[in-house]
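Asks: My structure is below; once you've seen it, I'll send some questions.
Just so it is clear, none of the values below were taken in a lab; they were calculated from the coordinates. All values reported here derive from a predicted model rather than from experimental measurement. Glycine also receives a Cβ, built like all others from the backbone with ideal geometry; neighbour counts cover every protein chain displayed.
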């Protein structure tokens, strides 16, 4: 754990290893594999299941058994299969089939509904959708001209049975180069319609190998994966670590905070991935004296606040490492042992923070004695990388490709600032800028301050039109905060004391004070647990079932809306 951190760039520069090679290399491993629903599928069996699915899908899609030898980026587009499935071994078998053949899988988000789900399937050019009993209902009544097969149906069972004797994948002609496409993964859609990110062989193998090396994971370990398999976090972190080390992986159909520790103990899990709020949800379960009596060593993910990381590490006796990256893979920031709590890590070589309008590098952040950022207007900018990194483009969206890669540089869409010591601080998404009284403000620094409140377990800061909160004729934005309270906290008491709490935070500037306070049972989140601010921006001061208070400018008191 104290060894120098190998970066994605370090691994990418070394010998290339494909996901397909990692899958086939497990064909004789019988004592490790995929845990799910109390059963173990040995890797030897799983590799056989991959072969069966390659043959079965080729039959359904009308492909010849030798299609892999002719499929390449320069040839006709390979067929895409949409996956609308729970997190089961079936999903991993299909991912493996895509890695070892010309077939490409597209992870469909089950929280998308109706026309939005149909739109995603069409954008991904799905020639077939595989679903299961739990998710088939989402397709009922949709106007999609795409064949659908349930993996729980007799039709699928018969199809697999016809190819039960399929030989292990032959990689001699398989499209397994670093740029060959394995899957499409949709972005979270926090700021607009989701885009289909191209997930290549190297985009899976490089981070998986890097993290396995970084955390010393070997065959005797076990990865715990409860994050959705249609999201990049699981596809690029959990699954490839297990593949490249030959260790077991324990799946859960859906994340459960109350079952997390029991699962970890049952399967001897030593590594877990997360994205967004799951650590907070686990901490909200009742603490037990023996919580730290478990095999877990490392929990790795992103977007967990510092206080959550520290408390999770204390309670469960684990190391929590929070990284920074995105589905696109263009920018990655790794924490080091000496990284300040609020920072993402040191600014990587080849990455800069630039003015989104001019492209000029932003000056370093300046702070007053209390830690208030004095030059947010000039110091906060967009994280930009000198090249594409692992970004392989979007599927079917050349305009989005051009927007991401401008002037040969990858534009992340993430706002940040850097201090004189070179530490990078996240400031929010570019769509999360708030223009308050002529000054640009970012959401993340305000969220970090509000999380200090002892009664708040979740915080989301966002913009609302100033005229709706501060009175007609007021232009620009007002700062709003949506919060979830700890059990037993009284909303009216929290609101009554909020002004005093804000006044005590010396590093919170006056324009950063929320003008609207929304107490809610749960923040709107994507399927990958990311805060979806636009849902609340659209509500403005409308309670919509929540408790809402507003604050008149210059006053500390929040009054009910």
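Asks: For the stretch 435-560, give the share of DSSP beta bridges that are antiparallel, in percent and rounded to the nearest 5; count only bridges with both residues there.
Replies: Around 85 percent of the beta bridges assigned by DSSP in the stretch 435-560 are antiparallel ones.
Asks: On to the next question. Roughly how tilted is helix 114-123, in degrees to the nearest 10 and between 0 and 90, from the longest Cα axis of the chain?
Replies: Helix 114-123 sits at roughly 60 degrees to that axis.
Asks: Another question, then. In Å and whole numbers, how far do the C-alpha atoms of the stretch 89-218 stretch along each principal axis, longest first?
Replies: Result, largest extent first: 46, 45, 27 Å.
Asks: Under 15 Å from a label point 7 Å along Cα→Cβ of residue 288: give me every residue in the stretch 230-263 with its amide N that close.
Replies: Answer for the stretch 230-263: 257-263.
Asks: Let me ask something additional. Can you put 179, 399 in order of Cβ neighbours within 10 angstrom, beginning with the fewest?
Replies: Ranking 179, 399 by Cβ neighbours within 10 Å, fewest first, gives 399, 179.
Asks: Sort out for me the Cα centre separation of the stretch 125-184 from the stretch 246-321, rounded to whole Å.
Replies: That distance is 32 Å.
Asks: May I pose another question? Relative to the compact-globule scaling 2.2 N^0.38 Å, provide the ratio for the alpha-carbon radius of gyration of the stretch 345-432.
Replies: After normalising by residue count via 2.2 N^0.38 Å, the value is 1.15.
Asks: Next up: For the chain, count the residues as N, evaluate 2.2 N^0.38 Å, and divide the Cα radius of gyration by that value, please.
Replies: Normalised Cα radius of gyration, the chain: 0.99.
Asks: How would you order 477-485, 39-47, 198-206, 444-452 from highest to lowest mean count of nearby Cβ atoms within 10 Å? Please list the in-between numbers first.
Replies: On the way: 477-485: 23.3, 39-47: 18.0, 198-206: 26.0, 444-452: 20.6.
Top of the packing list down: 198-206, 477-485, 444-452, 39-47.
Asks: Between residue 44 and residue 111, what is 0.36 nm times their sequence separation minus the Cα-Cα distance? Round to one decimal in nm.
Replies: So the chain would gain 20.8 nm between residue 44 and residue 111.
Asks: If you fit an axis through the alpha-carbon atoms of helix 43-61 and take the longest principal axis of the Cα set of the chain, what angle between them do you get, 0 to 90°, nearest 10?
Replies: For 43-61 against the chain, the angle is about 80 degrees.
Asks: Can you tell me, using C-alpha contacts under 8 Å and at least 6 residues apart, the relative contact order of the chain as a whole percent?
Replies: 11 percent
Asks: What does the stretch 369-494 give for Rg and for Dmax, in Å, if only its C-alpha atoms count?
Replies: Considering the stretch 369-494 through its Cα atoms, Rg and Dmax are 18.0, 53 Å.
Asks: I've got another one for you. Rank-order 492-503, 156-167 by packing density, defined as the average count of other C-beta atoms within 10 Å over each peptide's residues, highest first.
Replies: Top of the packing list down: 492-503, 156-167.
Asks: What is the fewest-to-most order of 296, 210 by other Cβ atoms lying within 10 Å of their Cβ? Walk me through the intermediate numbers first.
Replies: Numbers: 296 21, 210 24.
Ordered from fewest to most neighbouring Cβ atoms within 10 Å, 296, 210 come out as 296, 210.
Asks: With both bridge residues required to lie in the stretch 8-254, what share of the DSSP beta bridges run antiparallel, to the nearest 5%?
Replies: Taking every DSSP beta bridge with both residues in the stretch 8-254, the antiparallel ones total about 30 percent.
Asks: Related question: How would you classify the stretch 220-326 from its alpha-carbon gyration tensor, with a ≥ b ≥ c the square roots of the eigenvalues: rounded for a/c under 1.5, else prolate if a/b is greater than b/c, otherwise oblate? Please report the intermediate quantities before stating the final value.
Replies: Numbers: a/c = 1.57, a/b = 1.21, b/c = 1.30.
Note, shape of the stretch 220-326 comes out oblate.
Asks: Only helical DSSP H runs with n ≥ 4 go in: add -39500 (n - 2.57) per run for the chain, normalise by residue count and round the 222 nm mean residue ellipticity to 500 deg cm²/dmol.
Replies: It comes out at -7500 deg cm²/dmol, rounded to the nearest 500.
Asks: May I ask you to compute the full-extension gain from residue 37 to residue 145, defined as 0.36 nm times their residue separation minus their alpha-carbon distance, rounded to one decimal in nm? Could you put the intermediate results ahead of the total?
Replies: Details: separation 108, 0.36 × 108 = 38.88 nm, distance 3.38 nm.
My answer for the length gained is 35.5 nm.
Asks: Please report the equivalent ellipsoid semi-axes of the stretch 8-254, computed as sqrt(5 x eigenvalue) of the Cα gyration tensor, largest first, in whole Å.
Replies: Semi-axes, largest first: 25, 20, 19 Å.
Asks: Which three numbers, in whole Å and largest first, are the semi-axes of the equivalent ellipsoid of the stretch 435-560 derived from its Cα gyration tensor as √(5λ)?
Replies: On the way: eigenvalues 77, 60, 44 Å².
So the equivalent ellipsoid measures 20, 17, 15 Å along its semi-axes.
Asks: By how many degrees, 0 to 90 and rounded to 10, does the Cα axis of helix 491-504 deviate from the longest principal axis of the chain?
Replies: Between the helix axis and the principal axis of the chain, the angle is about 70 degrees.
Asks: Still on this structure, I have one more. Please report 133, 187, 319 as a ranked list, fewest other C-beta atoms within 10 angstrom at the top and most at the bottom. Mind showing how you got there, number by number?
Replies: Working: 133 11, 187 24, 319 14.
Ascending number of Cβ neighbours within 10 Å: 133, 319, 187.
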